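Chemist: This is the structure I want to talk about, given as structure tokens.
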Amino acid sequence: LLVVVDFSISSYYRRLYIFDLKSMKVILNTWTSHASKSDPEGNGYPTDFSNVSGTDKSSPGFFITGVQYDGKWGNSLRLHGIDGNLNSAVFDRGVVIHGWGMGPNGPTATSQGCLMISYNESTRFYGLPGDQPLVDYVIDELKGGAILYTHT
């Protein structure tokens, strides 16, 4: 699987895509967050990025997904940055994928660097198997080695 987060698209719109490269299909297109201080204008477009702890900024580039765990925000997925100075510190910074209450009612919430996915929406809404929170489906699908790319 390949995940692309397109930060050139406003957080008012769905900008996280999950592609199945074997079937050449888009599995999912949904909303996701960016870090609060990456969006100095507060307009839904992140423009400022960092790889430094405490900056509350998103990191661009390529990542590999790691292990699933139950964290401060519930079901979460570790990320490992593989793009040198762009994102090599995300694991140590605690930048992960986790759930949050968000959706189509305006821009998504901002984070301290994490990618947040809705836990309010069901997989049924997207025509996906089962009836579970969207974030749980995303984490189950991506854990343990999916490629994720954040485009700026």
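The values are calculated or read from the model by the stated rules, or taken from the named source; none is laboratory data. Just so we're clear, the structure is a prediction, and the values are computed from it rather than from any experiment. To get the accessible areas, we keep the full protein, side chains included, count just its heavy atoms, and leave off ligands, DNA and RNA. Shrake-Rupley method; radii C 1.70, N 1.55, O 1.52, S 1.80 Å.
Chemist: Once fully extended, how much extra length lies between Y12 and K25, figured as 0.36 nm per residue of separation less the alpha-carbon to alpha-carbon distance? Please report the intermediate quantities before stating the final value.
Modeler: On the way: separation 13, 0.36 × 13 = 4.68 nm, distance 2.35 nm.
Roughly 2.3 nm would be gained on extension.
Chemist: Another question, if that's okay. Roughly how many Å² is the accessible area per residue of the stretch 1-131, as a whole number, for a 1.4 Å probe?
Modeler: 50 Å²
Chemist: To continue, here is another question. Let me make sure I get this right: for the stretch 28-92, a, b and c are the square roots of the gyration tensor eigenvalues over alpha carbons, sorted descending. Under 1.5 in a/c it's rounded, otherwise prolate if a/b > b/c, else oblate. Which is it?
Modeler: oblate
Chemist: What is the distance in Å between the Cα centroid of the stretch 62-93 and that of the stretch 17-51?
Modeler: So the separation of the two Cα centres works out to 15 Å.
Chemist: With all protein chains present, how much of the accessible area of the stretch 1-133 (probe radius 1.4 Å) comes from carbon and sulfur, to the nearest whole percent?
Modeler: Roughly 53 percent of what the probe reaches on the stretch 1-133 is carbon or sulfur.
Chemist: State the label only: which of [x] -0.51, -0.70; [y] -0.70, -0.91; [z] -0.64, -0.83 corresponds to log10 I(q)/I(0) by the Debye sum over Cα atoms at q = 0.13, 0.15 Å⁻¹ computed from the shown model?
Modeler: [x]
Chemist: Restricting to DSSP H runs of at least four residues, report the calculated mean residue ellipticity at 222 nm for the chain, -39500 (n - 2.57) per run over all residues, nearest 500 deg cm²/dmol. Could you put the intermediate results ahead of the total?
Modeler: Numbers: 2 runs with 13 residues, N = 152.
Helix-only estimate at 222 nm: -2000 deg cm²/dmol.
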